[in-house]
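The values are calculated or read from the model by the stated rules, or taken from the named source; none is laboratory data. All of these numbers come straight from a predicted model, not from anything done at the bench. A quick note on method: Cβ atoms are made from the backbone with ideal geometry, for glycine too, and the neighbour counts reach across all protein chains shown.
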Amino acid sequence: MPLCKTEAIILRSRKQGETSKLLSVYTPDFGRLSIMAKGARGIKSHYGGVLEPLNHIAMVIYKKEGREIQYLSQADLFHGFPDIHSQLGKMALVAIACEIVERHEITGHSNPALFRLLLRFLLVTEASSQGLRNILRAFQLQYIELAGFKPEFRRCQQCGQDKSDEDVHFDFSNGGYRCHSCLGGNSIAANLSSAALKYLMFLSQAPLEKSAAHSPRAALGRELDWFILNYLRYHIENLNELHTLAYLQQLQENLQKLN
Ligand SMILES: [Zn+2]
């Protein structure tokens, strides 16, 4: 059985049997993987704290094609995230990002850019003391783009003009907006304010560190979260599962007091 070396971010960890752990990890080379770490919970385990959730690790696995669960041979820590673990608010934001990646990403489907975005998201959240919700919003928007559903915020789909100074009508199904003069009579498009449109454009392009330097006012924040959640829900099949969506909404509501 071939030994493979790769990096990984641990999305979730579950107890397995008496002494083992079953990990859900995200890797740049193989996408999401389920990894069995035998003996990881034993007293003499040589993994120490390396296999805690969120950790960015180097790992060697026994990888067999077509097998649902791969086996861990060796793991070393690159980055732990102590500040995220010690702050409930940060932890809740990170849980949303990990949930999206875990639900959506297909096993065996490599997307190195997405791995780098997730790692960047963890590093910036760990290091930031403000603008935390904006870091998540920027992550979500950039994730949507990497997943292949880039929304078009720059111009009206009908007349092709930049109408970001007006309130517009966004159509989730085709990922773009129509300005007021181009709106057809029977559209199911949702209203999107000019302020939200401009802000979404900023977040979808900004390096995550930069998004942390800003915090929108509460009403605008709610509009952004509403838009992002519905866009994700529309395009990412598994997020339509009621459980996940309710979970995400509940997490988002719990975060209203964070900036
Ligand atoms: Zn137009």
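For first residues located in segment 25-46 and over 17 Å from residue 100 (Cβ atoms), partners that are acidic (Asp, Glu) and lie 6+ apart or on another chain with Cβ distances below 7 Å form the pairs 28/7; 34/68.
Take the conditions surrounded by fewer than 21 Cβ atoms within 10 Å (Cβ to Cβ) and at pLDDT 95 or above and apply them to residue 202. Does it pass?
Considered against the rule, which asks whether it is surrounded by fewer than 21 Cβ atoms within 10 Å (Cβ to Cβ) and at pLDDT 95 or above, residue 202 comes out as yes.
Of the residues 143, 177, which is of a type in the set (Ser, Thr, Tyr) and within 23 Å of residue 114 (Cβ to Cβ)? Break it down stepwise before answering.
Values: 177 fails: within 23 Å of residue 114 (Cβ to Cβ).
Exactly one of 143, 177 is of a type in the set (Ser, Thr, Tyr) and within 23 Å of residue 114 (Cβ to Cβ), namely 143.
Exactly one residue out of 164, 181, 193 is in contact with a Leu (Cβ under 9 Å, 6 or more places away or on another chain) and within 16 Å of the ligand (Cβ to nearest atom): that is 164.
Every listed requirement among (1) exposed (fewer than 15 other Cβ atoms within 10 Å of the Cβ); (2) within 16 Å of the ligand (Cβ to nearest atom) is met by residue 173 save one, (2).
If you check 54, 93 for being touching a helix residue (DSSP H, G or I) at 6+ places or on another chain (Cβ under 8 Å) and not assigned by TED's automatic domain parsing to the domain that holds residue 203, only one passes: 54.
This table checks each residue for (1) modelled with pLDDT of 95 or more; (2) crowded, with 19+ Cβ neighbours inside 10 Å; (3) over 29 Å from residue 93 (Cβ atoms).
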| residue | (1), (2), (3) |
| --- | --- |
| 13 | no, yes, no |
| 32 | no, yes, no |
| 39 | no, no, yes |
| 43 | no, no, yes |
| 46 | no, no, yes |
| 60 | yes, no, yes |
| 65 | no, no, yes |
| 75 | yes, yes, no |
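In this structure, residue 132 does not qualify as modelled with pLDDT of 95 or more, closer than 17 Å to residue 93 by Cα, under 20 Å from the mean Cα position of the chain (by Cα) and away from the ligand (no atom under 16 Å from the Cβ).
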